[in-house]
1. I'm trying to understand the selection: among the residues of segment 45-64, which are more than 12 Å from the chain's Cα centre (by Cα), hydrophobic (A, V, I, L, M, F, W, C) and modelled with pLDDT of 95 or more?
2. Within the bounds of segment 112-122, is there any residue that is of a type in the set (Ser, Thr, Tyr) and closer than 25 Å to residue 25 by Cα?
3. Those residues that are of a type outside the set (S, T, N, Q) and either more than 8 Å from the ligand (Cβ to nearest atom) or more than 18 Å from residue 96 (Cα to Cα) (or both), I need them from segment 146-166; list them, please.
4. For residues that are of a type in the set (Gly, Ala, Ser) and more than 9 Å from the ligand (Cβ to nearest atom), tally how many sit in segment 130-145.
5. Could you run through segment 112-137 and say how many residues are touching a Pro at 6+ places or on another chain (Cβ under 9 Å) and over 15 Å from residue 44 (Cβ atoms)?
6. Out of curiosity, is residue 77 modelled with pLDDT of 95 or more and more than 13 Å from the ligand (Cβ to nearest atom)?
Amino acid sequence: MKNMTKRVLPVLFTLLILFSCERKAAEPELTPLKVSGIDGEALWDRITAESDYRDYGEWPAHDGLRPGQSPHGVWHRVYGNRTLLEALPAADVTAPEGSIIVKDNFDNNKTLQSITVMAKVKGYDPNNRDWFWAMFDPDGTVLAEGSPGGCISCHEGMRRNDFVIINPLDEGL
Ligand code: HEC
């Protein structure tokens, strides 16, 4: 019996290590971005250096690569940070302060073209539910930031869902 334990334990241990390497890195808990410091660069930093948006979760009903609509990519993949996903279902249909939604936009060949982001920053734009909008090149160059009329006028159609298009916020995961 003792011998058996000696042989089995190292195997179990190795499996455990392999298993933990397979798991996604944990998304750190961060204080929400504030109006005072918000800009495209700070947001890029938040989603790539302070946390990696590819470790964020996804809506199970909208996970993986999905066909998208113009003006976004032909294909897209949407990530939501824990502040947002842990708040769902949100009975008040409102994403909480600190919520971040990142959308990778791909072309026909599934090559990443741009990254569009919505970040909930308390007090940033009360008329439009305090979303800070941004669009980046895959290398992080800021292509649009702030309250671009284009982003808002289109997403405004989903004002009743806090400007979020892909999934109802009052629906659980
Ligand atoms: C002409 C309409 C239109 C414009 C303009 C637009 N979007 Fe979108 N957006 C959509 C649609 C439709 C979706 C749903 C996913 C899809 O089909 O690509 C979406 C989804 C998103 C999502 C995923 C969360 C959600 O709401 O579903 C983000 C983030 C996003 N857009 C950011 C932006 C940003 C940033 C801009 C401006 C730079 C922008 N969008 C401009 C139509 C638009």
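1. 49
2. Yes - at least one qualifying residue is present in segment 112-122.
3. 146, 148, 149, 150, 151, 152, 154, 156, 157, 159, 160, 162
4. Of the residues in that region, 1 qualify.
5. Matching residues across segment 112-137 total 3.
6. So residue 77 does not fit the description; no.
Matching residues to (1) β-branched (Val, Ile, Thr); (2) surrounded by 16 or more Cβ atoms within 10 Å (Cβ to Cβ):
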residue	(1), (2)
106	no, yes
115	yes, yes
121	yes, yes
129	no, yes
139	no, no
152	yes, yes
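The values are calculated or read from the model by the stated rules, or taken from the named source; none is laboratory data. As the structure is a prediction and not an experimental result, all values here were calculated from the model. Reconstructed Cβ throughout: ideal geometry from the backbone, glycine too, with neighbour counts over all protein chains shown.
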